[in-house]
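One structure, as structure tokens, below. Some questions next.
The values are calculated or read from the model by the stated rules, or taken from the named source; none is laboratory data. Worth saying up front: this structure is predicted, and the values here are computed from it rather than measured. Because the Cβ atoms are built from the backbone with ideal geometry, glycine has one as well, and the counts that use them run over all protein chains shown.
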Amino acid sequence: MRPASLLAAPGLAVAMLLVSAPGAFAFITPEAGGSPNANSIDTLYKLVLYIAAVVFVVVEGALGYACWKFSAKRNKVATQTHGHTGLEIGWTLGAVAIVIILAVATLLKLGSIRNPPNSGAEAAASTTSVSGALYAETERKLPPNKKALEIEVIGRQYIWQYVYPGGAKNGLGAPYSYEQMVVPTHTTVLLKAVSMDVVHSWWIPELGGKIQVVPGYANYTWFKIEKPGLYRGQCANICGQGHARMIASVRAVPPAQYEEWIAKRTQEISEANVEAATQRSKLEAGSGTGRVLNP
Amino acid sequence: MATYVAPVPQIAAHKVDRESRGWTSWITTTDHKKIGIMYLVTTFVFFILGGTEALLMRLQLGAPENTLINPQTYNELFTMHGTTMIFLFVVPVWAGFANYFLPLMIGARDMAFPRMNALSYWLLLAGGIVFYASIFWTPPSAGWVSYPPLSSIAFSPSGGQDAWIYLIHLTGLSSILGAVNFYATIANMRARGMSWGRLPLFVWTVLVYSILIIFAMPVIAGAVTLLLTDRHFGTHFYDPTQGGSQMLWQNMFWFFGHPEVYIMILPGFGMVSEILPVFAKKPVFGYKAIATSSVTIAFLAFLVWAHHMFTAPIPLVVLAFVMMSSYLIAVPTGVKIFNWIGTLWSGSIEYSTALLFCVGFIAIFLIGGISGVFLAVFPVDWQLNESYFVVAHIHFVLMGGAVFTVFAAVYYWFPKMTGRLMSETLGKLSFWLMFWGFLFTFLIQHVIGLDGMPRRVYEYPNVGNLALYNLISTIGAFILALGILVTIINAARSVKVGAIAGPDPWKANTLEWFTTSPPAVNNFDEIPVIRSVEPMKDFRREIERRTGQRIEQVPVPAGSGEAAASSL
């Protein structure tokens, strides 16, 4: 094969892949489908993809054509040109126009990605009012009716911990879980992510973009799941030897089932705390084994 | 003007003492050409080391849940790989080429500060040795971005992290001294008549490379100094529990880190702008636009750093601003690509290996530029950031981008440096292996990232098509490595047995071809007056006008040049 056709081949292959079937798009688009923000990102991504595909085909096409048409074999004498001001101004403005289209599209789509919607009518009863606009929390977005389930995500080497609302007024005794987060469907869930040690990154692809979890800062995101199911992800920022195994999952269950689960969880933790207190007093009295039940 | 009255332009370089030889001549040299060759040999050794690390990682990722390499070693491998390729290969390899060719291209006899030039090289070598010495103890493992607190003494107690800090200091100092030298040389030592509008485009990009280094490198030097004092002298610059800030590191690192991207790619742009006109046999399309876009890129390069931090806790207004500036920087980059295609258009393209690497670069770099636009859309970046999509993107711009132009430069300038031509057959074989190997390795990595695989993981579960995709990538990496090996063999063989090149084997345009191959110590006996951006074309035309004959080569008087070439 000729060099030029060898060059054009991968371009053609990708171009064919782009236009062949809707199935091909799943292959080259981000994961989505769990939450409206993930779906909006997917839409925005596809818009960029369409524009990119056109630019790709046109520019690689022009390059491939020039390489084929103007090879020394086909074109013995080169035309001595130094440039073309009109053409050059034209393609500079063309590039600027594409950039403006992308910027406008991004800003139009931004609201549905950043701003959480209200929970559905069938949302979990434990959805509470959340207060907004604490200072230094300007990036924390609330749904219009200010009602959501707020879960704290705590990153540490190499496990995710989730703290659910509940427990005593002093913040102690709140139900929590590790690795797997359980949430009710039809409910807007706000996440506040903090780190206990190094930088981590929270990412469940089907539920939206990732947020970096930086020690000393809080970072925020949200999701709202309609379909019960298991959504998987893992830490996306290198955090040490165990980084690849710092996995996370979100299990979405119907609201009633969530209420049951959270009540049972609260119960277990409170029992374990009582057990621990008993063990501790025994230990202090010099008669215990020091065994603490790990909830 | 009036003093230059050579009857016919001719290449003559013999009014000097015999060149000193032997190993002491290398360690004591201040000759820009010898320093340039030492730079190139050293950086290619590091390129092979960094490449080997990459192949080990691809071996580990060739199968899901592989246990070939343990997590600690894997983390060390990607830290060494990234650091090596950036600080010990791509940045200094351009310093190597610029050292050798910048004075030749502007008609100077050496760099402005020859001894400082030697210091630049020895600092680079010292940085590389300090860094690689850590493999005998514990190498660093916090990634080439070394985010604290992971890189702090609490989480990375080994001296490997300190070796990394010293590497940044030493290579950074080396780069700054080199950059000052390039700038001073370009500003003061150009041949008569070489105005800014007649500066070769490679020299334009070296100028911009130097300015970027002078502004960006001190920032990373400061950042790693704070990390060093945090680690060993009890300060808390990055420690949030003591009022420090992790985001301070991110901001300083990327304020350096993004200009660094252009430091690595701009001389490559310059290289393509030099090589395309030679083999398309027509002038570069839009000289002014190409030169201007380099300067525009340099300015914008300092306004886009936070696009590496889109998922970090930063305010919306910053996200929106950086998205806009990142879009903007795509415009001058796109303009360059259009101008290169314009240069090829209606030319008479001779498919030399150097030209193939340039065209392959444009084809690949376009994809890297397009994936960069995806990453600039910050809500989309929230999905793509820290995934294999970013790994694919960085390799499309750095490996298929910068490294392909480095290979183009090797094939284009090897005859000038050694006096011998490289084998075109092996060269083309190497190009096609590298081109297809590259696409196999990295195209599929976009998909791996979109499927949710984060970067810097030593293993992945066997879900979906991840196993197949990663296997494809691993096989591609070995094809790519084979292509690189062919060029190494080609170079090693051609130094000894390559055909004699003569002063100007490509009928090129710029002044480095107006001397013998390799050039004598003083480069030129007579430095000609420059009348356009393509002085060699002017000389040929001048000879044709005076002698009335059509010529292929600017003549070399007996006894001046070939002796040096045949003695090599």
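Please go through the stretch B:346-362 and give me each residue that is within 8 Å of chain A (Cβ to nearest Cβ) and crowded, with 23+ Cβ neighbours inside 10 Å, ordered by number.
B:347, B:349, B:356, B:359, B:360, B:362, listed by residue number.
Please specify each residue of the stretch B:334-355 satisfying the condition of being closer than 11 Å to residue B:290 by Cβ and of a type in the set (S, T, N, Q).
Taking the stretch B:334-355 as the starting set, the residues that turn out to be closer than 11 Å to residue B:290 by Cβ are B:335-340, B:342-343.
Those that are closer than 11 Å to residue B:290 by Cβ and of a type in the set (S, T, N, Q): B:339, B:343.
Quick check on this structure: which one of A:177, A:281, A:270 is more than 14 Å from every other protein chain (Cβ to nearest Cβ) and in contact with a helix residue (DSSP H, G or I) (Cβ under 8 Å, 6 or more places away or on another chain)?
After ruling out the rest, the residue left standing is A:177.
Do we have any residue at all in the stretch A:226-239 that's surrounded by fewer than 20 Cβ atoms within 10 Å (Cβ to Cβ), within 14 Å of chain B (Cβ to nearest Cβ) and free of Cβ contacts under 8 Å to residues at least 24 places away in the same chain?
yes
If you don't mind, there's one more thing I want to ask. Out of the stretch A:143-164, which residues are surrounded by 16 or more Cβ atoms within 10 Å (Cβ to Cβ) and either acidic (Asp, Glu) or outside any strand (DSSP E or B) (or both)?
A:143, A:150, A:152, A:157, A:158, A:164
While we're looking at this one, here's another question. Scan the stretch A:252-260 and give yes if some residue there is under 15 Å from the mean Cα position of the chain (by Cα) and either over 30 Å from residue B:390 (Cα atoms) or in contact (Cβ under 8 Å) with a residue 40 or more places away in the chain (or both), otherwise no.
no
Another question, then. Tell me which residues, restricted to the stretch A:42-56, are closer than 17 Å to residue B:370 by Cα, more than 7 Å from chain B (Cβ to nearest Cβ) and hydroxyl-bearing (Ser, Thr, Tyr).
Residue satisfying the conditions is A:50 alone.
If you take the residues of the stretch B:259-304 that are of a type in the set (Gly, Ala, Ser) and closer than 18 Å to residue B:512 by Cβ, which of them is surrounded by the fewest Cβ atoms within 10 Å (Cβ to Cβ)? Working first, answer last.
Residues of the stretch B:259-304 that are of a type in the set (Gly, Ala, Ser), as a first pass: B:268, B:270, B:273, B:280, B:286, B:289, B:291, B:293-294, B:298, B:301.
Add one more test, that the residue is closer than 18 Å to residue B:512 by Cβ, and what stays is B:268, B:270, B:273.
Details: B:268: 29, B:270: 28, B:273: 26.
Only one residue fits best here, namely B:273.
Could you figure out which of (1) at pLDDT 95 or above; (2) more than 9 Å from chain A (Cβ to nearest Cβ) isn't true of residue B:336?
The single condition residue B:336 does not satisfy is (1).
Matching residues to (1) at the interface with chain B (Cβ under 9 Å from one of its Cβ atoms); (2) free of Cβ contacts under 8 Å to residues at least 24 places away in the same chain; (3) out of contact with any helix residue (DSSP H, G or I) (no Cβ under 6 Å at 6 or more places or on another chain); (4) not in a loop (DSSP other than H, G, I, E, B):
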| position | (1), (2), (3), (4) |
| --- | --- |
| A:37 | yes, no, no, yes |
| A:58 | no, yes, yes, yes |
| A:68 | no, no, no, yes |
| A:76 | yes, yes, yes, no |
| A:79 | yes, yes, yes, no |
| A:90 | no, yes, yes, yes |
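For the stretch A:102-126, how many residues are β-branched (Val, Ile, Thr) and within 10 Å of chain B (Cβ to nearest Cβ)?
Number of matching residues: 2.
Search the stretch B:367-377 for residues being surrounded by fewer than 24 Cβ atoms within 10 Å (Cβ to Cβ) and either of a type in the set (A, V, I, L, M, F, W, C) or touching a Cys at 6+ places or on another chain (Cβ under 8 Å) (or both), and hand back the single one that is farthest from the other protein chains (Cβ to nearest Cβ).
B:375
Would you please name the residue that is nearest to the other protein chains (Cβ to nearest Cβ), looking only at residues in the stretch A:188-218 that are within 18 Å of residue A:40 (Cα to Cα) and assigned to a loop (DSSP other than H, G, I, E, B)?
The qualifying residue nearest to the other protein chains (Cβ to nearest Cβ) is A:209.
Looking at the stretch A:250-275, which of its residues are closer than 23 Å to residue A:227 by Cα and acidic (Asp, Glu)?
Result: A:259, A:260.
Take the residues in the stretch A:188-207 that are among the hydrophobic types (A, V, I, L, M, F, W, C) and touching a helix residue (DSSP H, G or I) at 6+ places or on another chain (Cβ under 8 Å); name whichever of them is surrounded by the most Cβ atoms within 10 Å (Cβ to Cβ).
By that ranking, first place goes to A:207.
Residue under question is residue B:521, and the condition is that it be out of contact with any Leu (no Cβ under 7 Å at 6 or more places or on another chain), farther than 30 Å from residue A:243 by Cα, at pLDDT below 95 and surrounded by fewer than 23 Cβ atoms within 10 Å (Cβ to Cβ); does it hold? Please lay out each step first, then the result.
Working: out of contact with any Leu (no Cβ under 7 Å at 6 or more places or on another chain): yes; farther than 30 Å from residue A:243 by Cα: yes; at pLDDT below 95: yes; surrounded by fewer than 23 Cβ atoms within 10 Å (Cβ to Cβ): yes.
Against the criterion (out of contact with any Leu (no Cβ under 7 Å at 6 or more places or on another chain), farther than 30 Å from residue A:243 by Cα, at pLDDT below 95 and surrounded by fewer than 23 Cβ atoms within 10 Å (Cβ to Cβ)), residue B:521 qualifies.
Which of the residues belonging to the stretch A:195-218 are more than 23 Å from residue B:141 (Cα to Cα) and in contact (Cβ under 8 Å) with a residue 60 or more places away in the chain?
A:204, A:205, A:206, A:207, A:208, A:209, A:218
Something else now. Any residue in the stretch A:243-264 that is among the basic types (Lys, Arg), within 27 Å of residue A:114 (Cα to Cα), at pLDDT 95 or above and assigned to a strand (DSSP E or B)?
Looking for residues that are among the basic types (Lys, Arg), within 27 Å of residue A:114 (Cα to Cα), at pLDDT 95 or above and assigned to a strand (DSSP E or B), one finds at least one in the stretch A:243-264, hence yes.
Right, next: Every residue in the stretch B:461-475 that is at negative phi, not in a helix (DSSP H, G or I) and not polar (S, T, N, Q), please.
B:461, B:463
Let me ask something else. Pairs needed: first member in the stretch B:106-134, within 20 Å of residue B:76 (Cα to Cα); second member anywhere, assigned to a loop (DSSP other than H, G, I, E, B) and of a type outside the set (Gly, Ala, Ser); C-beta distance under 7 Å; at least 6 residues apart or different chains.
From the stretch B:106-134, the pairs are B:134/B:140.
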